[in-house]
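Since the structure comes first, as structure tokens, the remarks are kept for the end.
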Amino acid sequence: MFQPLDPLLHAELRLAVMSLLISADEAEFPYIKEQTGATAGNLSVQINKLSTAGYIEIEKTYKGKRPCTICRITPKGRQAFEQYVEALRDYLEVANKG
């Protein structure tokens, strides 16, 4: 009856990162950190998990002499996010019927 929820996306910070990237396609690490309120260390761990799963790609570059990390959502990540949202809608429909 219920579609399974992707455990990778079900974590609050990873879901927040994906939500930001789904609308922006890409974002720099400081922006994601600011928007989510996460610590740099925790955010780094979570974006690495999303990258390992193939949901985002990480580009390490420079802005002038300063390091710059850019995160981009991948087609696989976009599809996983859309499936997650659809599964949540199914859960909510059942809850509203009850």
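The values are calculated or read from the model by the stated rules, or taken from the named source; none is laboratory data. The model shown is predicted, which means the values in this text are computed figures rather than measured ones. Backbone-built Cβ (ideal geometry, glycine too); neighbour counts: all protein chains shown.
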Show the residue pairs that are 6+ apart or on different chains and have beta-carbon atoms under 9 Å apart, the first residue being within the range 84-98 and within 23 Å of Y55 (Cα to Cα), the second being loosely packed, with under 11 Cβ neighbours inside 10 Å and not aromatic (F, W, Y).
A87/P4; D90/M1
Does L88 meet the test of being hydrophobic (A, V, I, L, M, F, W, C) and buried (at least 17 other Cβ atoms within 10 Å of the Cβ)?
no
Out of Q79, Q83, Q46, sole residue that is crowded, with 19+ Cβ neighbours inside 10 Å and of a type in the set (S, T, N, Q)
Q46
What number of residues within the range 24-35 are under 11 Å from the mean Cα position of the chain (by Cα) and more than 17 Å from K63 (Cβ to Cβ)?
1
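Could you say which residue among A24, A53 is closer than 30 Å to Y91 by Cα, at pLDDT below 95 and surrounded by 12 or more Cβ atoms within 10 Å (Cβ to Cβ)?
Going through A24, A53 in turn, just one is closer than 30 Å to Y91 by Cα, at pLDDT below 95 and surrounded by 12 or more Cβ atoms within 10 Å (Cβ to Cβ): A24.
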